[in-house]
Amino acid sequence: MDLQLSGKTAIVTGATAGIGLAIATTLAREGVSVTITGRGGDKLDAAVQRIAAAAPGSRLTAVVADQSSAEGAARLIEAQPDTDIEAHFFQTYRPSSLIARMIEADEIAAMVALLASPLGAASNGAAVRVEGGSFRSIL
């Protein structure tokens, strides 16, 4: 499906593994110019290689920066002062889920890409819950 994101720009933090990496990869496959950040060069380089392999011809920028510091935030802004899409991820744990299984990172990435696209324009801007977890009981 063409999500009409080609030519857009994105910053994806936490993109060296897990959900952030899946989102960066999905956006790159959709033709988005993706900037990813990380605190260490080796993990960042490996993530760029994985995204490039999954999305040949993609436009990728890697920025070594810790966005929790003023210096890191300034480094990121200098590398990409304007963006169309921002995706920031922090690991959290939710003890239960209605879907009764752990969700895959690619499933979350697909939802983020849809919501960032013109095709997601019918969403109302409210928080969208896209997650899995353990299923305890429906009773």
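Numerical summary
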{"read-out": "Odd one out for Asp45, checked against (1) modelled with pLDDT under 90; (2) over 25 Å from Gly120 (Cα atoms); (3) acidic (Asp, Glu)", "value": "(1)"}
{"read-out": "Residue count for segment 63-78, restricted to those that are open to solvent by less than 50 Å² (accessible area, probe 1.4 Å) and among the hydrophobic types (A, V, I, L, M, F, W, C)", "value": "4"}
{"read-out": "Tally, over segment 17-35, of residues that are touching a Leu at 6+ places or on another chain (Cβ under 7 Å), aliphatic (A, V, I, L, M) and either open to solvent by 50 Å² or more (accessible area, probe 1.4 Å) or more than 17 Å from Glu107 (Cα to Cα) (or both)", "value": "2"}
{"read-out": "Sole exception among (1) open to solvent by less than 50 Å² (accessible area, probe 1.4 Å); (2) over 24 Å from Ala116 (Cα atoms) for Asp45, by number", "value": "(1)"}
{"read-out": "Failed condition for Pro56, given (1) open to solvent by 50 Å² or more (accessible area, probe 1.4 Å); (2) within 17 Å of Glu86 (Cβ to Cβ)", "value": "(2)"}
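So that you can scan it fast, the table gives a plain yes or no per residue for (1) at pLDDT below 90; (2) polar (S, T, N, Q); (3) touching a strand residue (DSSP E or B) at 6+ places or on another chain (Cβ under 6 Å):
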position	(1), (2), (3)
Ala24	no, no, yes
Glu30	no, no, no
Ala55	no, no, no
Ser58	no, yes, no
Val64	no, no, no
Asp82	yes, no, no
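The values are calculated or read from the model by the stated rules, or taken from the named source; none is laboratory data. The shown structure was predicted, so the numbers you read here are calculated from the model rather than taken from an experiment. Here Cβ is always computed from backbone atoms with ideal geometry, including for glycine, and neighbour counts include all displayed protein chains. The protein model used for the area step is the full one, side chains on, heavy atoms only, and it has no ligands, DNA or RNA in it. Shrake-Rupley method; radii C 1.70, N 1.55, O 1.52, S 1.80 Å.
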